[in-house]
Every structure is written in C-alpha cells, then in structure tokens.
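Undergrad: Here it is, the structure in full.
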Amino acid sequence: NIVLNDNVKTIYGTASDGLEIYHDGSNSYVKDTGTGDLKIWGANVEISTVGGNKYFTGAANIAKLYHTNNEKLSTTSTGVSITGALTTTTNVIVGANATFVDGGKALFGARSDLQIYHDGSNSKIVDSGTGDLRLAGNVVRIRNAADTENMISAVQGAGVSLAFNNGTKFE
C-alpha cells in the first residue's frame with residue numbers, strides 16, 4: 001500500500017497542467033487541471049456509492065442513468081428510453097413525431113381536462129366538461145379519413161355546409 005496524508009496529491013503531468021488525485025480530509029478528488037479531456041476508459045464503466053447504489057453505467061454502445069439503484073434513462077440504438085415520468089421546467093420541442101401506444105394519452109390541463117388518444121379501436125378527443133371544447137379557425141373542415149372529401153365545412157362569413165360523397169346536401 002501507498003498511504004498519502006490528507007491534501008497530498010499524486011500529480012500526473014505537470015504541477016499546473018495535469019491530473020490530480022487526492023483527499024482533503026473530507027472529500028476525495030480526481031481532478032483534471034489540464035487543457036485536454038478527462039477520459040475514463042473501460043469495457044464496462046460504473047459510478048456508484050460505497051454502498052453499491054449505481055448512478056451511471058456504460059458498456060459498448062449503451063449508457064444508463066440510475067436513481068436509487070433503479071434505471072431511469074438508457075441510450076438505445078434509436079434514441080433514449082425513459083422509465084418513469086418525464087418532468088420538465090420548460091417547453092418540450094419535438095423535432096419529428098410523438099408516438100403514443102394504444103391507450104396512451106396526450107393530456108392537457110391541470111386535471112387532464114383535455115385528452116387525445118386511441119383506445120385500440122377508436123380515436124378520441126375528450127373534454128372533461130370544465131369548459132367548452134372549441135375548434136377555432138377562419139375555415140374549419142371535417143374530412144374523410146383519406147382527406148379527399150369535405151363532410152362538414154364552416155367558413156367564416158360564408159356559411160356552413162354538410163356534404164355526402166363530396167356533394168353539398170345542406171347549407
């Protein structure tokens with residue numbers, strides 16, 4: 001064993017530009033004081049408490065973050081997998097599609113007042129009755145699933161029409 005007293009540093013490189021490892025009497029440090037990166041290499045890398053609670057593991061092409069030894073975030077070949085709730089303090093910007101499984105809901109409002117989801121058989125927009133469910137626009141249309149025919153058209157200042165087989169039946 002090599003025993004060094006508190007505040008005695010092992011320095012790799014130069015005293016002003018290198019890697020320092022030491023204990024100050026209260027805390028232990030691995031400190032990069034140089035201009036390059038601090039790189040930790042290994043086939044498997046783990047950062048844990050003395051009691052064995054994991055904070056981070058990394059191996060090959062995957063990195064994982066833990067909370068009280070439970071995996072919460074993991075990188076995958078297609079992105080990131082999160083276990084548990086995702087809470088943000090600012091907007092979430094989605095650069096592509098947001099995909100929900102059957103029964104998974106997009107919830108809006110403090111009490112999930114508005115819900116948009118697919119239950120496996122039907123697509124639903126549900127308002128819990130805390131106010132009006134409003135569609136707002138100068139032109140509002142309800143169209144068939146192929147988006148080739150108007151079924152209901154409402155045009156500001158021009159009227160409302162109901163259609164069948166792309167022909168107006170009522171105005």
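The values are calculated or read from the model by the stated rules, or taken from the named source; none is laboratory data. Keep in mind that what you see is a predicted model, and the values were worked out from it rather than measured. Counting neighbours? That spans all protein chains shown, and the Cβs are built from the backbone with ideal geometry, glycine included. When the accessible area is computed, the model is the full protein with side chains, heavy atoms only, and any ligands, DNA or RNA have been set aside. Shrake-Rupley method; radii C 1.70, N 1.55, O 1.52, S 1.80 Å.
Undergrad: So if each residue of separation counts as 0.36 nm, and I subtract the Cα-Cα distance between residue 70 and residue 44, what length gain in nm does that give?
TA: 7.6 nm
Undergrad: Something else about it: Identify the residues of segment 123-161 with backbone N under 12 Å of a label point that sits 7 angstrom from the Cα of residue 169 along the Cα-to-Cβ direction, or state none.
TA: 151-152
Undergrad: Got a sec? Charge dipole of the chain, +1 on Cβ for Lys and Arg, -1 for Asp and Glu; which of 133, 121, 164 is way out at the positive end?
TA: 164
Undergrad: Shifting gears a bit: Roughly how many debye, to the nearest 20, is the charge dipole of segment 22-128 about its Cα centre, given +1 on each Lys and Arg Cβ, -1 on each Asp and Glu Cβ, and no other charges?
TA: So the dipole magnitude of segment 22-128 works out to roughly 60 debye.
Undergrad: Determine the relative contact order of segment 89-171: mean sequence separation of Cα pairs under 8 Å and six or more apart, normalised by residue count, in whole percent. Please report the intermediate quantities before stating the final value.
TA: Details: 102 pairs, mean separation 11.1, N = 83.
In percent, rounded to a whole number, it is 13.
Undergrad: Run down the lysines and flag those whose C-alpha is under 29 Å from the C-alpha of residue 169, throwing out any fewer than 8 positions away in its chain.
TA: Qualifying lysines at Cα under 29 Å: 124.
Undergrad: While we're looking at this one, here's another question. Quick check on segment 1-75: what does the Kirkwood estimate of hydrodynamic radius come out to from the alpha carbon pairs, in Å?
TA: When all Cα pairs of segment 1-75 are included, the Kirkwood radius is 14.7 Å.
Undergrad: For segment 107-165, what percent of Cα pairs sit more than 14 Å apart?
TA: 68
Undergrad: Ignoring any ligand, DNA or RNA, what whole percent of the accessible area of the chain comes from carbon and sulfur when the probe is 1.4 angstrom?
TA: Here it works out to 52 percent.
Undergrad: Next up: Please compute the volume of the convex hull spanned by the alpha-carbon atoms of segment 40-139 and report it per residue in Å³.
TA: Spelled out: Cα convex hull of segment 40-139, divided by residues, is 197 Å³.
Undergrad: Additional query: Per residue, how much accessible area does segment 1-54 show when a 1.4 Å probe rolls over the protein heavy atoms, in square angstrom?
TA: Normalised by residue count, the accessible surface of segment 1-54 is 83 Å².
Undergrad: What is the set of long-range amide H partners of residue 113 at a cut-off below 5 Å, with H atoms built 1.01 Å from backbone N?
TA: The answer is 108.
Undergrad: Shifting gears a bit: Give the share of C-alpha pairs in each 5 angstrom bin for the chain, from 0 to the last occupied bin, in whole percents, shortest bins first.
TA: Over the chain, the share of Cα pairs per 5 Å bin runs 1, 6, 7, 9, 11, 11, 9, 7, 6, 6, 5, 6, 4, 4, 3, 2, 1, 1, 0 percent.
Undergrad: Right, here's the next one. Once phi is turned into θ = phi - 60°, what whole-Hz ³J(HN,Hα) does the Karplus curve with 6.51, -1.76 and 1.60 give for every residue of segment 120-127, x standing for Gly and Pro?
TA: Running phi through 6.51 cos²θ - 1.76 cosθ + 1.60 with θ = phi - 60° gives x, 10, 10, 8, 9, 10, 10, 9 Hz.
Undergrad: How large is the accessible surface of residue 100 in square angstrom, using a 1.4 angstrom probe and rounding to the nearest 10?
TA: Per-residue accessible area (residue 100): approximately 120 Å².
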